[in-house]
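Single-structure report; data block below.
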Amino acid sequence: MTKARSSLINIEATPYYHCVSRCIRRSFLCGYDEQAQQSYEHRRAWIEKRLLALAGSFCIDVCAYAIMSNHYHVVLHINVEKVKTLSDVEVVDRWLAFHHGPVLVRHFMQGDKLSKAESERCNEVIKEWRESLVSVSWFMRLINQHIASQANREDKCTGHFWESRFKSR
């Protein structure tokens, strides 16, 4: 029986996680497909670029990675101490690098005067984002969504590109 991801990832037990995502439908992540006579080697750069971009915004360090023809491995270190030192503005900047934020947060970033209720809600949102910046699930989701969209666009198809959610150890 499967377990909830929240029960599998325990920062107190270990801050290091080995994650794996595998392609479906005989899709190529990178390498050369002999049957189709097509190279997908350029996709390796997609993953490397995305890993570096996410590592720059998240408080998750990429310790190692390996990109194979139909899957990739990544070893991540959750940097809890780093996320604690970030100001609210830094948290918002890092989160908005990959997401659209609500208007309320944009007003906060512009220095607009917020009501007490707006300030409380803004603080709740920033607290959620701070927690997400050390979330392996969010990190992997943003890699896999991006790569799947690019690959499906390139392959002129729709649907799943990854076999399932990432595996984690």
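The values are calculated or read from the model by the stated rules, or taken from the named source; none is laboratory data. Because the structure is predicted, anything quoted here is derived from the model rather than measured. No Cβ is skipped: glycine too gets one built from the backbone with ideal geometry, and neighbour counts run over all protein chains shown. Calculation scope for accessible area: heavy atoms of the full protein, side chains included, ligands and nucleic acids excluded. Shrake-Rupley method; radii C 1.70, N 1.55, O 1.52, S 1.80 Å.
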ask   = Where a Cα-Cα gap under 19 Å defines reach, which lysines qualify for LYS116, not counting those fewer than 8 residues away within the same chain?
value = LYS127
key: Nearest-10 value in Å² for the accessible area of HIS77, using the 1.4 Å probe   = 40
remark   = Expressed in nanometres to one decimal, the distance between label points 7 Å along Cα→Cβ at HIS73 and ASP93 is 3.6
query = Using 1/(1 + (r/R0)^6) with R0 = 22 angstrom and r between the beta carbons of ARG165 and TYR65, what's the FRET efficiency to the nearest 0.05?
reply = 0.80
message = Using only the heavy atoms of the protein chains and a 1.4 Å probe, how would LEU76, LEU52 rank by accessible area, largest first?
response = LEU52, LEU76
task = Please determine, in degrees from 0 to 90 and to the nearest 10, the orientation of helix 42-57 with respect to the longest principal axis defined by the Cα atoms of the chain, where the helix direction is its Cα long axis.
result = 20
request  = Give me the lysines in straight-line cross-link reach of LYS49: C-alpha distance below 19 Å, same-chain residues under 8 apart excluded.
outcome  = none
ask   = Of [x] 1.14; [y] 1.10; [z] 1.18, which one was derived for Cα Rg over 2.2 N^0.38 Å from the structure shown?
value = [z]
inquiry  = 7 Å from Cα along Cα→Cβ at both HIS107 and GLU34: what's the point-to-point distance in nm?
reply    = 6.3
ask   = At a Förster radius of 45 Å, what calculated FRET efficiency corresponds to the Cβ-Cβ distance of GLU124 and ARG44, to the nearest 0.05?
value = 0.70
ask   = What ranking of ARG26, ARG141, ARG43, ARG94 comes out by heavy-atom accessible area, probe 1.4 Å, highest first?
value = ARG26, ARG141, ARG94, ARG43
key: Cα-based reach from LYS156 at 20 Å (exclusive), listing aspartates and glutamates while leaving out same-chain residues under 8 positions away   = ASP33, GLU34, GLU41
